[in-house]
Amino acid sequence: MSRLKGEMRQLGGDRAQSGDRTKSDDKSQRRLRSSASLRGSWLQTLYGMLAILLFWYVMHISVGSAAIPAPHTAILHFLRIFPGELSKHLLVSLGRISVALLVSLVLGGALGLWMGVSERADRWLSPVVYLLYPLPKIAFLPVLMILFGLGETSKIMLIIIIIIFQILVAARDGVREISKELYYSVLSLGIGRSGLYRHLILPATLPKIMTALRICVGVSISILFFGENYATTYGIGYFIMNSWLMADYVEMFSGILALSLMGFLLFKGIDLLEARWCRWTRLTRRLTDVHK
């Protein structure tokens with residue numbers, strides 16, 4: 001009997017060790033996939049940078065004007081002035097865009113989810129959204145300056161009233177695309193309203209919201225460049241236009257490099273958030289690639 005018990009304990013220990021080895025193998029495989037994905041991402045970034053530099057050199061040689069300086073001259077000047085004045089302009093612009101994106105994500109996402117879930121809310125709010133969305137809201141900058149002053153608030157509000165609609169529409173359409181069968185399946189498990197949002201609605205709409213957020217980054221940088229030309233002394237838009245007025249084209253292109261760096265950092269930040277919050281999308285892409 002004791003011999004049988006000993007064999008059972010040994011068998012249980014072997015199973016536990018086998019389970020631990022399986023978990024360890026899974027972790028190592030995840031690390032390998034993550035490192036391979038990271039290497040692929042950086043290789044693509046390097047390829048994009050080399051392609052842009054090549055095009056820049058071609059333009060510099062073909063145009064033959066001081067308005068397009070040599071890439072190495074602009075890059076060296078960028079590295080020289082970035083630790084000082086240029087970094088201050090970059091941080092101010094980055095702060096304005098970050099606040100606008102965060103407010104738009106929270107408000108636009110919440111309103112979009114509500115409109116997608118509630119037919120009554122969609123019926124009342126959709127006509128307003130459809131009328132305001134196509135309007136060129138950048139023309140409201142003078143009104144915003146009168147209402148909110150000449151400081152930061154008016155510039156941030158200008159970005160918010162433009163990009164919030166993209167996030168709102170993406171969230172609403174994401175909810176609408178969820179099939180009724182999925183609703184029935186989740187509700188049959190006895191999950192309440194908060195669980196419905198947590199386990200079905202948010203996971204289904206997050207990828208669309210992230211895509212809209214990427215589009216909003218490009219739009220918000222363009223808007224900020226316009227807004228920073230009025231009643232301000234700090235910001236990448238102000239720095240670039242001031243360099244242009246001074247005919248300092250090397251400094252102007254240094255500002256353009258800083259603007260590109262800010263956009264790149266924001267895009268990479270959204271990629272990291274999507275990799276953390278929407279892990280199942282990468283699994284879906286992997287399975288699609290396997291079936292192809």
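The values are calculated or read from the model by the stated rules, or taken from the named source; none is laboratory data. Everything numeric here is computed off the predicted structure, so don't read it as measured data. In this analysis, Cβ positions are derived from the backbone assuming ideal geometry, glycine residues included, and neighbour counts consider all displayed protein chains. These area figures cover heavy atoms from the full protein model, side chains too; ligands, DNA and RNA do not enter into them. Shrake-Rupley method; radii C 1.70, N 1.55, O 1.52, S 1.80 Å.
Using the Karplus relation 6.51 cos²θ - 1.76 cosθ + 1.60 with θ = phi - 60°, the per-residue 3J(HN,Hα) values for the range 192-202 come to x, 5, 5, x, 4, 5, 6, 9, 10, 5, 5 Hz, with x marking Gly and Pro. Taking only protein heavy atoms and a 1.4 Å probe, the accessible area of the range 153-202 is 60% carbon and sulfur.
Counted residue by residue at 0.36 nm each, then reduced by the alpha carbon distance between them, the extension gain from Phe267 to Met49 reaches 77.0 nm. Taking all Cα pairs closer than 8 Å and separated by 6 or more residues, the relative contact order of the range 148-220 comes to 47 percent.
A DSSP coil position with no more than 15 other Cβ atoms inside 10 Å describes the following chymotrypsin sites (Phe, Trp or Tyr not before Pro) in the range 152-240: Tyr230.
Averaging the sequence gap over all C-alpha pairs within less than 8 Å and six or more residues apart, then dividing by the number of residues, gives the range 117-192 a relative contact order of 29 percent. Once the chain from Ala204 to Leu79 is taken as fully extended at 0.36 nm per residue, the excess over their C-alpha distance is 40.7 nm.
From the square roots a ≥ b ≥ c of the eigenvalues of the alpha-carbon gyration tensor of the range 51-115, which class results: rounded (a/c under 1.5), prolate (a/b over b/c), or oblate?
Verdict is oblate for the range 51-115.
Please report, as a whole percent, how much of the solvent-accessible surface of the range 53-125 comes from carbon and sulfur atoms (probe radius 1.4 Å). So the carbon and sulfur contribution to the accessible surface is 75 percent.
Whenever you get a sec, line up Glu85, Glu274 from highest to lowest accessible area (probe 1.4 Å, protein heavy atoms).
Sorted descending by solvent-accessible area, the residues read Glu85, Glu274.
Accessible area of Met241 (1.4 Å probe, protein heavy atoms only, ligands and nucleic acids ignored): about 50 Å². Spin-label pair Ala66-Asp173: with each label point 7 Å from Cα along the Cα-Cβ axis, the two points sit 4.8 nm from one another. Counting only protein heavy atoms and a 1.4 Å probe, the range 49-186 has 57 square angstrom of accessible area per residue.
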